[in-house]
Amino acid sequence: MIPSFHISSMDSGPLHWARLVHERLAVVAMFAYSHAALAELRKQLPGERKFLDKVIYDIPKETATQALVDFALYFRALDDQQGLSDVWKLHQHPPTVGLLVMKEGETKPLSPRKMSNTVIHAERIDWNLSSDPKVTCVGRDKEKWSRSEIEIKLLLAVGGHLGS
């Protein structure tokens with residue numbers, strides 16, 4: 001269970017960080033959960049249609065990846081402003097959004113704050129658009145972590161508890 005933490009729009013500062021977090025998370029969710037339907041539609045339109053593929057696959061992936069990076073940056077700003085991570089640390093079961101894999105192979109729960117860091121510092125961002133979509137952020141050589149595995153449903157659960 002994710003501890004609730006409501007932020008009123010008056011508290012979210014002049015940039016309304018929570019609103020920006022929600023907007024970018026909506027783009028990520030739409031891409032992750034609509035991909036299967038669009039892939040099925042593409043099967044109904046056979047033949048070479050490189051511009052259709054660009055519209056169905058390439059542009060949405062680029063847009064969703066940029067939205068994920070923006071989400072991570074905005075979440076960090078919101079966390080800095082509101083101290084979400086500090087509040088969540090006080091709970092017996094703070095929220096996680098996936099798994100962090102260290103270079104030595106050790107795994108740790110991925111906190112929302114650490115998720116933001118791995119997205120921001122990733123060398124590469126890969127999408128797994130299965131029925132349970134995930135994002136894998138691959139770390140750079142200099143990072144202590146190898147990869148993070150972000151579950152979109154868990155990201156939505158955390159984002160759904162932030163008021164805007």
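Annotations
- Here the range 17-159 yields Rg over Rh of 1.02, to two decimals, using C-alpha coordinates and the Kirkwood radius.
- A Förster radius of 25 Å, combined with the Cβ-Cβ distance separating HIS121 from ALA36, puts the computed FRET efficiency at roughly 0.25.
- Annotation: amide H of TRP145 within the under-5 Å range of LYS103, sequence separation 5 or more or interchain, hydrogens built in the peptide plane.
- Nonlocal amide H pairs with LEU110, under 5 Å, H built at 1.01 Å: VAL97, GLY98, LEU99, LEU100
- Descending semi-axes in Å of the range 78-164, equivalent ellipsoid built from Cα gyration tensor: 21, 16, 12
- Inter-centroid distance (Cα atoms) of the range 140-164 relative to the range 63-81, Å: 10
- Check: the range 29-100 dipole with +1 on Lys, Arg Cβ and -1 on Asp, Glu Cβ, in debye: 300
- Per-residue 3J(HN,Hα) values for the range 72-86, derived from phi via the Karplus relation 6.51 cos²θ - 1.76 cosθ + 1.60 with θ = phi - 60°, read 4, 5, 5, 5, 4, 5, 5, 4, 4, 6, 9, x, 4, 4, 5 Hz in sequence order (x marks Gly and Pro).
- Charge sum, other residues only, whose C-beta stays under 14 Å from LYS50's C-beta, Lys/Arg counted +1 and Asp/Glu -1: 0
- Residue-wise HN-Hα coupling along the range 48-55, computed from phi with Karplus coefficients 6.51, -1.76, 1.60 (Hz; x: Gly, Pro): 6, 9, 4, 6, 5, 4, 4, 5
- Residues with amide H under 5 Å from that of GLY163, placed H, sequence gap 5 or more: ILE7
- Among the listed pairs LYS114/LYS142; LYS89/LYS142; LYS114/LYS153; LYS103/LYS142; LYS108/LYS144, those beyond 20 Å (Cα-Cα): LYS89/LYS142
- For the chain, the dipole from Cβ point charges (+1 on Lys and Arg, -1 on Asp and Glu) about the Cα centre works out to 180 debye, to the nearest 20.
Each reported figure results from applying straightforward, stated rules to the coordinates on display, with no laboratory input. What you are looking at is a predicted structure, and each value in this text was computed from that prediction instead of being measured. Don't worry about glycine lacking a Cβ; one is built from the backbone with ideal geometry, like all the others, and counts go over all protein chains shown.
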